[in-house]
1. Would segment 82-93 turn up any residue that is more than 20 Å from Met4 (Cα to Cα), open to solvent by 70 Å² or more (accessible area, probe 1.4 Å) and free of Cβ contacts under 8 Å to residues at least 24 places away in the same chain?
2. State yes or no: is Ala103 part of a helix (DSSP H, G or I), more than 16 Å from ligand 1 (Cβ to nearest atom), at pLDDT 95 or above and closer than 30 Å to Asp120 by Cβ?
3. Exactly one of (1) within 9 Å of ligand 2 (Cβ to nearest atom); (2) open to solvent by less than 30 Å² (accessible area, probe 1.4 Å); (3) more than 20 Å from the chain's Cα centre (by Cα); (4) not β-branched (Val, Ile, Thr) is unmet by Leu134. Its number?
4. Could you check Val118 against (1) open to solvent by 70 Å² or more (accessible area, probe 1.4 Å); (2) part of a helix (DSSP H, G or I) and say which number it fails?
5. Can you pull out the residues in segment 140-178 that are more than 17 Å from Leu90 (Cβ to Cβ) and in a loop (DSSP other than H, G, I, E, B)?
6. Have a look at Gly141, Gly126 and point out the one that is surrounded by fewer than 18 Cβ atoms within 10 Å (Cβ to Cβ), more than 10 Å from Ile84 (Cβ to Cβ) and either among the aliphatic types (A, V, I, L, M) or more than 15 Å from the chain's Cα centre (by Cα) (or both).
7. Mind counting the residues in segment 179-207 that are among the basic types (Lys, Arg) and either under 21 Å from Val118 (Cα atoms) or touching a residue at least 40 places away in the same chain (Cβ under 8 Å) (or both)?
8. Among the residues of segment 144-177, which ones are open to solvent by 40 Å² or more (accessible area, probe 1.4 Å), more than 16 Å from ligand 1 (Cβ to nearest atom) and in contact (Cβ under 8 Å) with a residue 40 or more places away in the chain?
Amino acid sequence: MIEMQDVWKAYPNGTQALRGISVHIQKGDFVYVVGPSGAGKSTFIKLMYREVRPTSGHIFVNGFNIERLKDRKIPLLRRSIGVIFQDFKLLPKMTAAENVAFALEVLGLSHRQIRRRVEDVLEQVGLGDKANMLPTQLSGGEQQRVAIARSLANNPSVIIADEPTGNLDPDTSWGIVRLFQRINDLGTTIVMATHNRDIVNSMRRRVIAVENGTIVRDEQRGLYGYDE
Ligand code: ADP
Ligand code: ADP
C-alpha cells in the first residue's frame, strides 16, 4: 500500500528534512504520525502524494512508483488518496455539496451520478442536512467533515491527514477521529499526523514517531510519548 525504502529529503535551501526513512503501511492500517515540530512529519506525509519529491530512496503508494511517476499521472495517484489539512482548504464561494462535487467533475460522471455520490458522502460524514451551506456558515468541525466528504468522494484506498484536528476544540476533534475510525473500519487506510496526545493515547493504534528526520519509534499499539 505505502512503502518507503531509505528515503532522504533535502529542501533546495539545504534543510535536511528526512534522513533515511523506511516504512511499510498496509491496507487497513490506522497510523498516527507523532513528533516535535520540525521533525519531518509533514514532509513524510507530503512524499506520499508527491507534493514533495524525495532526494533519494524509493516510494511506492497504491502501486504507483512515486519517483518515476510522470507529472501527467499525478492526478491518477491523487485520486487514489484523500488528503485532509488542518485548515480544511475548502473553496469559500462553493457550498458543501459543490465542494464535494468539484472533486468528482473531472471524472466524467453524469450529473445524476455526481448528485447521488455527493449526497452519499455528505450523509456518511453526518452533514446530509447541510449540503447547501457555505463554509462560513459551518462550524470548524463541520468544515472539516466537508473536507473529509470531499476526500471520500473518489473512494480512495488511503486517507492522509496532516493535523486534521489542529484547529478544532477537543470535543469536535473527537468527532473527527471517530469519523476516521468508522472510515477505517470500512477498510480505508488512515495516516494522520497529530499533536493530539489524548486521542493517540486513547485509541492505541499504530504510532510512528519522527524526530530529526528519522523514525525513532514504530509501535502497533503505541502511545503519544511526549509530555507537551
Ligand atoms: P513537521 O511537520 O514535523 O513540523 P516538516 O516536515 O514541516 O516537519 O519540516 C521538517 C524540516 O524541514 C523543518 O526544519 C522545516 O523547517 C523544513 N522545511 C519544511 N518545508 C520546507 C521547505 N519548503 N523548504 C525548506 N525547508 C522546509
Ligand atoms: P460553532 O460554535 O460550533 O463553531 P456556529 O455557532 O458557527 O458553530 O454554528 C452552529 C450551527 O449553526 C452550525 O451547525 C452551522 O451550520 C449553523 N450556522 C452557522 N451560521 C449559519 C448561517 N449563517 N446560516 C445557517 N446556518 C448557520
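1. Taking every residue of segment 82-93 in turn, none turns out to be more than 20 Å from Met4 (Cα to Cα), open to solvent by 70 Å² or more (accessible area, probe 1.4 Å) and free of Cβ contacts under 8 Å to residues at least 24 places away in the same chain.
2. Details: part of a helix (DSSP H, G or I): yes; more than 16 Å from ligand 1 (Cβ to nearest atom): yes; at pLDDT 95 or above: no; closer than 30 Å to Asp120 by Cβ: yes.
No, not satisfied.
3. (2)
4. Just one mismatch for Val118, condition (1).
5. The first filter runs over segment 140-178 and keeps only residues more than 17 Å from Leu90 (Cβ to Cβ), leaving 155-158, 160, 169-171, 173-175, 177-178.
Correct list: Asn155, Pro156, Ser157, Asp169.
6. Gly126
7. Applying the first criterion (among the basic types (Lys, Arg)) to segment 179-207 yields 182, 197, 204-206.
If we keep only those that are either under 21 Å from Val118 (Cα atoms) or touching a residue at least 40 places away in the same chain (Cβ under 8 Å) (or both) as well, we get 182, 205-206.
Counting residues in segment 179-207 that are among the basic types (Lys, Arg) and either under 21 Å from Val118 (Cα atoms) or touching a residue at least 40 places away in the same chain (Cβ under 8 Å) (or both) gives 3.
8. Of everything in segment 144-177, those that are open to solvent by 40 Å² or more (accessible area, probe 1.4 Å), more than 16 Å from ligand 1 (Cβ to nearest atom) and in contact (Cβ under 8 Å) with a residue 40 or more places away in the chain turn out to be Arg150, Asn154.
The values are calculated or read from the model by the stated rules, or taken from the named source; none is laboratory data. Values in this document were obtained by computation on a predicted structure and should not be read as measured data. Counting neighbours? That spans all protein chains shown, and the Cβs are built from the backbone with ideal geometry, glycine included. Side chains included, ligands, DNA and RNA excluded: accessible areas come from the protein's heavy atoms. Shrake-Rupley method; radii C 1.70, N 1.55, O 1.52, S 1.80 Å.
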